[in-house]
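J.: Would you mind keeping the following structure in view while I ask a few things?
No value in this document is a laboratory result; all are computed from the given coordinates. None of these values were measured; they are calculated from a predicted model. So basically every Cβ, Gly included, is an ideal-geometry build from the backbone, and we count neighbours across all protein chains shown.
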Amino acid sequence: MKDESKMQKPSGNLPGHIAIIMDGNGRWATGRNLPRVAGHKAGEEAITDIIRVASEWELGALSLFAFSTENWDRPDNEVQFLMSFNRNLLNNRIDEFHERNIRIKHLGRRDPIPDSTLEAIDNAMEKTMNNTGTTVCIAFNYGGRAEIVDAARKLYADVSADKVKLEDMDEVKFRNYLYIPDVPDPDLLIRTAGEMRISNFMIWELAYSEIYMTEVLWPDFRREHLARAIEEYQSRERRFGSIREE
């Protein structure tokens, strides 16, 4: 049996930025007659493993969809668990991430995240802000439409203050108003658990991303599944809306 922790990174051109919709925690738990929160807890090993391998394989960026703006509508006990789960994950792993030269960034709205969870996010970002390895973007209280609305509000404020002229605005300049303008758009989006939608995730940034869907539930997702997604990505021809001349 091969040691997956020693798996070498795929050869060839790797995607610079991989985004992942971590889906299937609830189904993983339900299939084992466990409460939904057990699925989220089981997903911690997958999160840690994929962050480690992103660093080991020297990916430029990794974005993980941890909690959406719509997830507040879930049962209170599940929401409270996810607040504490993500807080504890950052607090418990931040020293390791820092040692791996990983930079942590938050992607999403701050309100109404509890202060204790915000503190963990802020501490992680502050501690790793000067690191030069893989940038790990935690999408927490994130919605793609909300991001565009927030960007438009910031742009409106700058136009009102005569800092920019609306007629000079284009897609490149507008991108500077998004949550993480210094991080390139994802080259590859992975969604686990077999769902065929992007669920309001990075809808501006995913304009030309390759999309890979897998039936694997998130708690079972490991580096060999990531390698498989990368190999599929490498087999595709990215066109960015154009066609290759014959």
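J.: Sorted by mean Cβ packing within 10 Å, highest first, what order do the peptides 28-38, 67-77, 116-126 take? Walk me through the numbers on the way to the answer.
T.: On the way: 28-38: 15.5, 67-77: 13.7, 116-126: 17.1.
Order by mean packing, descending: 116-126, 28-38, 67-77.
J.: When only alpha-carbon atoms count, how far does the range 130-246 stretch along each of its three principal axes, as whole angstroms with the largest first?
T.: Principal-axis extents of the range 130-246 (Cα, largest first): 51, 44, 32 Å.
J.: Next question, about the same structure. What's the magnitude of the charge dipole for the chain around its Cα centre, counting Lys and Arg as +1 and Asp and Glu as -1 at the beta-carbon? Answer in Debye, nearest 20.
T.: Numbers: 33 positive and 42 negative charges, 67 e Å.
The calculation lands at about 320 debye.
J.: Cut-off under 18 Å on the C-alpha distance; same-chain residues fewer than 8 positions from Lys41 excluded. Which aspartates and glutamates are left, in chain and number order?
T.: Asp23, Asp49, Asp76, Glu78, Asp220
J.: Please state the charge dipole magnitude for the range 34-100, taken about the Cα centre, from unit charges on C-beta atoms (+1 on K and R, -1 on D and E), reported in debye and rounded to the nearest 20.
T.: 140
J.: Moving on. Between Ala157 and Lys127, what FRET efficiency follows from the Cβ-Cβ distance if R0 is 22 Å, with the result rounded to 0.05? Present the calculation step by step, with values, prior to reporting the outcome.
T.: On the way: r = 30 Å, r/R0 = 1.37.
After rounding, the FRET efficiency stands at 0.15.
J.: Cα atoms only, the chain: Rg and Dmax in Å?
T.: 18.5, 64
J.: Would you list which aspartates and glutamates come within 15 Å of Lys127, measuring only between C-alpha atoms, while excluding same-chain residues fewer than 8 positions from it?
T.: Within reach: Asp95, Glu96, Glu99, Glu119.
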